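To start, the structure under review is shown below, and the notes come after it.
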Amino acid sequence: MKKIAVLTSGGDAPGMNAVIRAVVRKARFHNVDVVGVYHGYEGLYNGNFELLDIGSVGDIIQRGGTKLYSARFPEFKQDDIQYRAIERMKEEGIEGLVVIGGDGTYRGAMQLTDKGFPCVGIPGTIDNDVPGTEYTIGFDTALNTVVESIDKIRDTATSHENTFVIEVMGRDAGDIALWAGLAAGAESILIPEEAYDLDDIVTRLERGVARGKRHSIIIVAEGVMNGHKLANLLEERTGIKIRTSVLGHIQRGGSPSARDRVLAGRFGARAVELLLENKGGRAVGVKNHAIIDYDLRKAFETKHQADLSLYTLSKELSI
Ligand code: ADP
Ligand code: F6P
């Protein structure tokens, strides 16, 4: 291959820029040109392309968001739109495509590959919910942002002896809630993967109060229920005034952590190698610290499993 393209799609994640940089630099190392596609699959369809030279990806390794922008483009499910996107790439002499995103992005990439255009996927989402890899780009940064926020809330919660419900992102996956809850020492954690038990949360709260605890923190993933609703339910049951904080999109921004940057470099480089080895239809991932690759289909035909041993552990540590 002499020319490949790269795009970011779905929800943005800190570290996507570091991946773009790695793809460009690794490809240039092999004298391969890289075209940046703006606005995800929408830009692919519209031919929103720009040649990315080595300098164009300078000074972005530390920046959150994505230099190539992201877009939701549901029309990309249509065959005719996909064929048009392939034509656009062929007109530019592009022979392979690296996509950075989640399982929806991977579905698009698999369909292009099935239509004869080789694509490789890199997992980029703060939710950590791409099957086949232990970590996705952006998860570590989002986790650190959430933990830092909870620590700050804890300061004021302690000073005023308040109880807080903190709602974090994760519609279907509880990884952010689980890891952040453990890291910040939350009293209770509610995740989409496990049915919650209001009685248990109430017992933990009341037990804490009885032993003179000055504050309590309850973490809820947005996919379980709205944080305000949970606070109301708990207030009704306990009579304790409960405050709510919804962290929202702050979780998706910020400078990527060192860990995400290193992973971005490793993922980006491996993705380029796969294309140069003519291995389309693959996704890169990390398992037991090693970079792996696997069939793209696995990422959307199987379901992500959060590490539920952490859930059990959090219950044991927050007695
Ligand atoms: P994520 O990649 O983070 O899961 P989305 O589910 O929003 O995010 O998907 C990102 C984009 O991927 C969509 O806007 C659409 O352009 C494309 N996409 C999603 N599902 C499919 C599909 N079944 N077929 C083709 N393209 C898809
Ligand atoms: O990127 C994934 C995610 O952050 C989810 O955790 C969250 O539910 C969703 O994106 C929010 O996306 P939007 O920006 O479309 O509200």
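At a Förster radius of 45 Å, what calculated FRET efficiency corresponds to the Cβ-Cβ distance of residue 148 and residue 3, to the nearest 0.05? Efficiency, rounded to the nearest 0.05: 0.60. Taking amide H as placed 1.01 Å from N in the peptide plane, residue 296 has its amide H under 5 Å from the amide H of 282, 283, each at least 5 places away in sequence or on another chain. For the residue pairs 67/229; 67/90; 152/287; 67/115; 26/279, the alpha carbons lie more than 26 Å apart in 67/229; 152/287; 67/115. Judged by the ratio a/c of the largest to the smallest principal axis of the C-alpha gyration tensor, the chain counts as prolate, that ratio being 1.5 or greater while a/b is larger than b/c. Modelled spin-label separation between residue 158 and residue 319, with each label point placed 7 Å from Cα along the Cα-to-Cβ direction: 2.3 nm. Sorting the segments 10-17, 146-153 by their mean number of nearby beta carbons within 10 angstrom, highest to lowest, gives 10-17, 146-153.
Ranked by the mean number of other Cβ atoms within 10 Å of their residues, highest first, the peptides 179-186, 255-262 fall in the order 179-186, 255-262. Computed from Cα atoms, the angle from the helix 227-238 axis to the main principal axis of the chain rounds to 20 degrees.
Treating the beta-carbon of each Lys and Arg as +1 and of each Asp and Glu as -1, no other charges, what is the dipole magnitude of region 1-124 about its Cα centre, to the nearest 20 debye? Intermediate values should be presented prior to the final figure.
Values: 15 positive and 15 negative charges, 71 e Å.
Here region 1-124 has a charge dipole of around 340 debye.
Selection among 174, 144, 245 by position relative to the dipole of region 140-253 gives 245 as farthest towards the positive end (Cβ unit charges, Cα centre). Once C-alpha pairs closer than 8 Å and six or more residues apart are averaged by separation and normalised to the residue number of the chain, the relative contact order reads 24 percent. Go ahead and run the numbers for FRET between residue 255 and residue 287, Cβ-Cβ distance against an R0 of 41 Å, rounding to 0.05. Once the sixth-power term is evaluated, E becomes 0.95.
Between residue 53 and residue 198, the modelled labels are 6.4 nm apart [label points 7 Å from Cα along Cα→Cβ]. Its Cα centre serving as origin, region 140-253 has a Cβ charge dipole (Lys and Arg +1, Asp and Glu -1) of approximately 460 debye.
Taking only protein heavy atoms and a 1.4 Å probe, the accessible area of the chain is 47% carbon and sulfur. Accessible area per residue for the chain is 44 Å², calculated with a 1.4 Å probe on protein heavy atoms, without ligands, DNA or RNA. With a cut-off of 8 Å between alpha carbons and a minimum separation of six or more residues, what is the relative contact order of region 68-206 in percent? Reported relative contact order: 15 percent. Across region 248-264, coupling constants 3J(HN,Hα) worked out from phi with the 6.51/-1.76/1.60 Karplus curve, θ = phi - 60°, read x, 6, 4, 5, 8, x, x, 5, x, 5, 4, 4, 5, 5, 5, 4, 4 Hz, and Gly and Pro carry x.
The values are calculated or read from the model by the stated rules, or taken from the named source; none is laboratory data. These numbers were taken from a predicted model, which means no experiment stands behind them. Here Cβ is always computed from backbone atoms with ideal geometry, including for glycine, and neighbour counts include all displayed protein chains. These area figures cover heavy atoms from the full protein model, side chains too; ligands, DNA and RNA do not enter into them. Shrake-Rupley method; radii C 1.70, N 1.55, O 1.52, S 1.80 Å.
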